[in-house]
Structure formats: structure tokens, C-alpha cells
Amino acid sequence: FLGLYKVVADKTPYISIEEIARKVPIGPTRFGHPSFYSTKDIKLANFTIKHDEQIIFNSVEEVHGMMAVKCVVVRNNQSHSFTLPLSQEGEFYECEDDQIYTLKEIAEWKIPRCRNRIVKLSNTLHMWDSSNPLPENFDGCLILMPVYEVQAVMKFRKDIVHILSDLDVEVKDVTDYYDISSFLQPLSLEDLFERTSKEFPMVAEIMEGPSGNQKPYNLLSTGKEIIIYKKYQAARVLASEMRSDSSKRHYLIPMSYKGKFKRRPREFPTAYDLQIARSQKEHLHVVATKAFTSPHKELFSVSVGDQFLVQQCQTSEVLYEGRKKLIDVLACEQILSDSYKTVLLPMYMEGGFVEVIHDKKQYHLSEICKEFHLPFNVKVSVRDLSMEKDVLAAAPGLQFEEEITDSYLLISSASSPVESWEIPVCRLNMLVHLLSKDVQTVVPPMTRTTVEEVSEEEYYMLRRYENLTLHPPPRPPKKPT
């Protein structure tokens, strides 16, 4: 079942660090860093953890012969690292978590052992339909009680057997009596990506293929043999359809896309957004779509229909509550009927602007990424003729949101390697086992361009974690402080 969920903090306390380490998954990934607070101060040798202060648990390690948890406290934007021994007792409560997770992430990382987990469906991304198991207009909490199963491989069989964990059977360990190498070893795409580059190329047989009608997923059926040529990181542009309804689609577009784009007008809610979007290549020309009355006589009041050329950010002295103070402003040239007038707009201004485009040029994807600041609005003007069906050409308009880097494997069919495909490591559920066959040709055939459509959940995950350093700084306050 798809969907994104918020985790409700557990109200039952933990009585020691050992209980937390035993019941809560703590690991190297971003999900494995749970946060707790103590109801009382904890005095260490050279540091005191204040009560109700958030403690981030990073890893469980042996320190000076004793098992301990490595922790971090962030205080006044400074990180303080320390260790807490498992023997440390107290009353520890789980901190509130404002992140949103998939059910898979919650099942693997956010359900403590021997405890249930309460989650709340995130309404921001949830759309109800007839296939949804929840009642329509449901917005309450769910109690998750995971049911586990064991996935196993049998000797002389290539399929994976699913065994329910509550099956009443007697299990006997016979590891010492069998040659483990005679069993097939199922590998996920993540397992393959962890292999060293010199181990590629390799031949594999698909044990469980992915679902999906789009190429190449419909070619990756169970029992097929594939050649995996190499692993690498590749750039993609994350794009969304420009639609007013909630059914807009999201795409990952490779830099090898051969179509061309024409610009579409961008919309800017504040003067701060204008400052981010301006470039050295051209003057940003905008029309005001919303009136704004300035609280300062030194700054300009905007009327609907006013046109501006955006110049630069600067500071200006204004009179505020009887005192002079400096605030950030955006210098613009107002376009009049026969002249230009220099005006200053407060950076915090909440208005509305739409771009006026004079550029009729057609751009390749790489040119847009090089010359303009994302997000950027476009429409396909020349479709990619190398693709059987260019899904981007049918979109009324696209917003290029950001450039991301993701992990891929380059594969082809082993029986007829006439073309190769890039498949995403993190978004494709697929199991293979390696074959001891030599690859006839180390050089992969022509790589076919694929525009990958991503679901609402996958789109959110990409926006949540990729390229956090490229995001603009937070907007300034609506009113000067």
C-alpha cells in the first residue's frame, strides 16, 4: 500500500540506554539515528545533558571495553559528541519526528521491537481512490503491527520461497552439513552496486523481476538473463507537469535526452524569488499580478499590471516606528510608456509576478542546466525521435525543479544485446543471481534514452534527500523585525 506517513512519538518511556539499543534500530543510514530526551539532567565527565534536550543516537560501539551508544546534542548550532554506556538508567522518551516516511522505511527502521507503532497518514500527498484500503476522508491514526516472513532459497530451485514467521514448524540448523555455495544467492540491485567496479561486467539471471509496463522494466521478467556492464552515478533533471489539478506527473530526465525545449513564463510569489531567479545572461522582465502597498514611503507600492526589469539586491534605509533602519531591498527599473524609473521593492514583499519572455530560442536540456537557474518552466518544442514514445511531448508544460545525481546500473539482454538500458538502483525492486558465464563483449551496445516516470511518493523522497545544499536559503520574514 503506497502512501507517506508521520510517526507519532511513543508515549511509553525507556528505562535505560540498553533498552533503547535493544529495541530501537540504530544504524548507519539517515533512518537509523533516533532521537530521545531524558526527564532529568545527565552529568557526564565533561558535559551535562539537560533534561528535555534532544539526544541523537548515531551508533552502538565498544568504547574502552564497554558497549556504549555514540550520541550528539546540538546546542546553539554547535554539535557536541559524547557516549552513553548501555548501563545508563533513567526515563527516556522518544522525541517528536517531523519527517514523513514510506511504510517500507517505517517497517525497517521505525518500529521498536516488541512495541507497536502509531502513524498518521500525511494528507499532503494522499489521494483516495477505490483501490485504497482506508475509508474515504480518513485522516486519523493507524496502529502498525508488522507481520514478518522469511524469504528462503532451496537447493536445486531458482525461485524464492516465502515462509510466514508464525508457521508452526520445527527448524534444525544443518549449515555444517551442506555446501552453502551450492545454493543460489539472491542479490538486490543495491547488493550489486556495492560490488567493486572491477567485478563488472557480469551475467545474471533474474529471480524476481520488477513490475511495470514501461521499458526496460517489461523486459526484465523472471528467468531472463542479463548482462550488467557497470555501475555509476548519473545526472538527472527532476521535472513536474505544469497542471492546476492534482494529477500532475513527475519525471526524471537524463542528460542524453535529444528533444528541444522552449521557455514558458515562470511565476514568482515574492521579490525574494525574483532575486534568486535573476541571471547575468539577461534582464528578468516581469509583470505584477497582485497589488502591494508599501509600509515605507521610501519604497515602491506596486499595482497590478506594473512591469519591471529586475536589477540587483541592495540595502536601503527606511523609517520604521520612528527609527531609521536598514533592510534588504530589490532594485528594479519600472517600465513606463516612454521611459524607465528606478524603484525599490522590499525583499519580504508578498506579491505576485509573472515572467515576460522575449527569448524564442530552442534549448537542449544541458543548455538549460548550464545557462539558467532552476526551477525553470519549459514546453517540448521538438520531441526526442530516438524514443518510441516521448512522454514529455504530451505534457502541456514542464517545470524543471532541480538537477539530482542518482545510482544506476547499465544492462542489456544476454541473448540479444542490441541496446543497453540504465536502470535505477534505489527505485527498482528486483532480485538476481550471478552466473559463472563470460561476457562476450565488454563494450556495451548503444544506450537507449529512458525518461523515468516517478510516483508521488518517489518524487517526495527525491526532493527530500537529494542535493540539499542546492536549495535556496529560507525566505526572509514577511515584515521587517
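The values are calculated or read from the model by the stated rules, or taken from the named source; none is laboratory data. Not measured: the values here are computed from a predicted model. As a convention, Cβ positions derive from the backbone with ideal geometry for all residues, glycine included, and neighbour counts pool all protein chains shown.
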So in the range 298-335, with the set limited to residues that are modelled with pLDDT of 90 or more and either of a type in the set (D, E) or over 21 Å from F268 (Cβ atoms) (or both), which one is surrounded by the fewest Cβ atoms within 10 Å (Cβ to Cβ)?
E333
Which of the residues that make up the range 66-85 are among the hydroxyl-bearing types (S, T, Y) and either in contact with a Cys (Cβ under 6 Å, 6 or more places away or on another chain) or surrounded by 12 or more Cβ atoms within 10 Å (Cβ to Cβ) (or both)?
T83
Restricting attention to the range 367-412, the residues that are in a loop (DSSP other than H, G, I, E, B), touching a Ser or Thr at 6+ places or on another chain (Cβ under 9 Å) and within 30 Å of K224 (Cα to Cα) number exactly 3
Out of the range 100-114, which residues are in contact (Cβ under 8 Å) with a residue 40 or more places away in the chain and either loosely packed, with under 13 Cβ neighbours inside 10 Å or not in a loop (DSSP other than H, G, I, E, B) (or both)?
Y101, T102, L103, E105, I106, E108, W109, K110, R113, C114
Tally the residues that are among the charged types (D, E, K, R) and over 17 Å from K297 (Cβ atoms), restricting the search to the range 322-341.
3
In this structure, is E53 free of Cβ contacts under 8 Å to residues at least 40 places away in the same chain and part of a loop (DSSP other than H, G, I, E, B)?
yes
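Quick grid of which residues meet (1) part of a strand (DSSP E or B); (2) crowded, with 17+ Cβ neighbours inside 10 Å; (3) in contact with a helix residue (DSSP H, G or I) (Cβ under 9 Å, 6 or more places away or on another chain):
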{"position": "M207", "(1), (2), (3)": "yes, yes, no"}
{"position": "S244", "(1), (2), (3)": "no, no, no"}
{"position": "L252", "(1), (2), (3)": "yes, yes, yes"}
{"position": "Y257", "(1), (2), (3)": "no, yes, yes"}
{"position": "P265", "(1), (2), (3)": "no, no, no"}
{"position": "P269", "(1), (2), (3)": "yes, no, no"}
Check off (1) touching a Lys or Arg at 6+ places or on another chain (Cβ under 8 Å); (2) closer than 19 Å to S279 by Cα; (3) of a type in the set (V, I, T) for I368 and give me the number that stays unchecked.
(1)
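Quick one: count up the residues across the range 305-349 that are of a type in the set (G, A, S) and either in contact (Cβ under 8 Å) with a residue 24 or more places away in the chain or outside the structural domain of Y272 (by the TED database) (or both).
Within the range 305-349, residues that are of a type in the set (G, A, S) and either in contact (Cβ under 8 Å) with a residue 24 or more places away in the chain or outside the structural domain of Y272 (by the TED database) (or both) number 1.
Looking for whichever is loosely packed, with under 10 Cβ neighbours inside 10 Å, among the hydrophobic types (A, V, I, L, M, F, W, C) and not in a strand (DSSP E or B) here; the options are L184, L167. Which one fits?
L167
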Among the residues of the range 26-57, write down those that are buried (at least 16 other Cβ atoms within 10 Å of the Cβ) and either in contact with a Gly (Cβ under 8 Å, 6 or more places away or on another chain) or among the aliphatic types (A, V, I, L, M) (or both).
I26, S38, I42, I49, I55, I56
Within the range 405-412, can one find any residue that is modelled with pLDDT under 90 and crowded, with 18+ Cβ neighbours inside 10 Å?
yes
